[in-house]
Amino acid sequence: MSLVSVLNFLRRSLQRAESMLTDIAGLNRSVAPALAVHGPSVLPQPAHDETSTPSFLDSIFWMAAPKKRRTIEVNRTRRRATSKLMKVKTNIEPCPECGHLKQKHVLCGHCYAKVRRETGEIRKVIYAMEGKPLNTPAMETVVLYDGETAKEVDKDKRIVERPRKRPSWFNLS
């Protein structure tokens, strides 16, 4: 809404309030005092006829627009601020298992990929044993590699046998 239409709305609202007060008080409109509002500088009279249809521009909420274009230098300075640059990492060390570089206290990505592949193979064997993935009972699983035998404590657990040597990172526990 434009300023003129807001002011016209306020003027009409005040006129309605004035007429309702005179009707409630039972006074004659010509005798009753009018509501005093500071002159036309605050409430300008409408320039167009009241019966005409309002413009579609009256209902638009106008947003702020910049007065001047930002220069290339200002834009580049903002984009390349030192706070937005990548920080140099000083906590990088080689992985003790594979030798690839990794951050301290973070799992090595290369070793994690190996663990995911081995876990996927174990899941495929379990899927072949059980039929469907959702048919698997909720029980502990023991993975046996070449040359390993099941212990006495493992008799009530699901035993998965893998035809390969146990990886160095896969602890026997």
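The values are calculated or read from the model by the stated rules, or taken from the named source; none is laboratory data. Note that the structure is a prediction, hence the values are computed from the model and not measured. Backbone-built Cβ (ideal geometry, glycine too); neighbour counts: all protein chains shown. The protein model used for the area step is the full one, side chains on, heavy atoms only, and it has no ligands, DNA or RNA in it. Shrake-Rupley method; radii C 1.70, N 1.55, O 1.52, S 1.80 Å.
A few points about this structure:
- Just one of (1) at pLDDT below 80; (2) surrounded by 10 or more Cβ atoms within 10 Å (Cβ to Cβ) fails for Thr53. It is (2).
- Remark: pairs (first residue in region 159-173, at pLDDT 80 or above; second residue part of a loop (DSSP other than H, G, I, E, B) and of a type in the set (A, V, I, L, M); Cβ separation under 7 Å; 6+ apart in sequence or on different chains) = Ile159/Ala150; Arg166/Leu172.
- Candidates are the residues of region 151-169 that are assigned to a loop (DSSP other than H, G, I, E, B), out of contact with any helix residue (DSSP H, G or I) (no Cβ under 7 Å at 6 or more places or on another chain) and not basic (Lys, Arg); the one that is farthest from Gly120 (Cα to Cα) is Asp156.
- Long-range neighbours under 8 Å by Cβ, at least six apart or interchain, first residue touching a residue at least 60 places away in the same chain (Cβ under 8 Å) and assigned to a helix (DSSP H, G or I) within region 1-20, second aromatic (Phe, Trp, Tyr) and open to solvent by 70 Å² or more (accessible area, probe 1.4 Å): none
- Of residues in region 70-95 being of a type in the set (A, V, I, L, M, F, W, C), surrounded by 10 or more Cβ atoms within 10 Å (Cβ to Cβ) and not in a helix (DSSP H, G or I), the one nearest to the chain's Cα centre (by Cα): Ile92
- Residue in region 99-122 that is among the polar types (S, T, N, Q), exposed (fewer than 14 other Cβ atoms within 10 Å of the Cβ) and over 37 Å from the mean Cα position of the chain (by Cα) present: no
- Count of residues meeting criterion [part of a loop (DSSP other than H, G, I, E, B) and either at pLDDT 85 or above or of a type in the set (A, V, I, L, M) (or both)] in region 21-44: 9
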